[in-house]
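As structure tokens, the structure follows; a few thoughts come after it.
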Amino acid sequence: MAYARRDGFGWVYDTLKSVRILNTGLPVEFEQCGQRIILRGLSDRSPDKILGIAVLELEFEENPKFVRCSMYPQLHGGYDFSNMF
């Protein structure tokens, strides 16, 4: 079963230690570029054969801070979160 794949996400301001696929425990390679996390080496097939959804477990150095739409100061009273790194 093929599934739609998204290779990354953003708006994370803390250091990511590890990523793994929850139901298999397999580690996922990743790269953290500023506030973006890019997942590497994902399979073209979902590990979940029923729903086709992979749940990822993310482990951070400390509780992660999240700011939605951080690249858009106009949504945060003019404050630019993009330079936090």
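Each value in this text was obtained by applying a stated rule to the coordinates, not by laboratory testing. Quantities reported herein were computed from a predicted structural model and do not represent experimental measurements. FYI the Cβ positions are ideal-geometry reconstructions off the backbone, even for glycines, and counts take in every protein chain you see.
Over the Cα atoms of segment 34-79, the radius of gyration divided by the Kirkwood radius equals 1.12; this is the Rg/Rh ratio.
Here the contact order of segment 8-83, divided by its residue count and restricted to Cα pairs under 8 Å and six or more residues apart, works out to 35 percent. Just need log10 I(q)/I(0) for the chain at q = 0.12, 0.17, 0.25, 0.26 Å⁻¹, Debye formula, equal scatterers on the alpha-carbon atoms, no solvent, rounded to two decimals. Taking Cα atoms of the chain as identical point scatterers yields -0.43, -0.76, -1.21, -1.26. The charge dipole of the chain, taken about its Cα centre with unit charges on the Cβ of Lys, Arg, Asp and Glu (plus for the first two, minus for the last two), comes to roughly 280 debye.
Using the Cβ of LEU16 as centre and a radius below 14 Å, the other residues enclosed give a net charge of -2, where K and R count +1 and D and E count -1. Within the shell defined by Cβ-Cβ distances under 14 Å, the residues around PHE81 carry a net charge of +1, with Lys and Arg each +1 and Asp and Glu each -1.
Could you give the length gained by full extension between PHE66 and LYS49, i.e. 0.36 nm per residue of separation minus their alpha carbon distance, to one decimal place? List each step's numbers first, then the result.
On the way: separation 17, 0.36 × 17 = 6.12 nm, distance 3.11 nm.
That works out to 3.0 nm of additional length.
With the charge dipole of the chain set up from +1 on Lys and Arg Cβ and -1 on Asp and Glu Cβ about the Cα centre, the Cα lying farthest toward the positive end among the listed residues SER46, CYS69, LEU16 is that of SER46.
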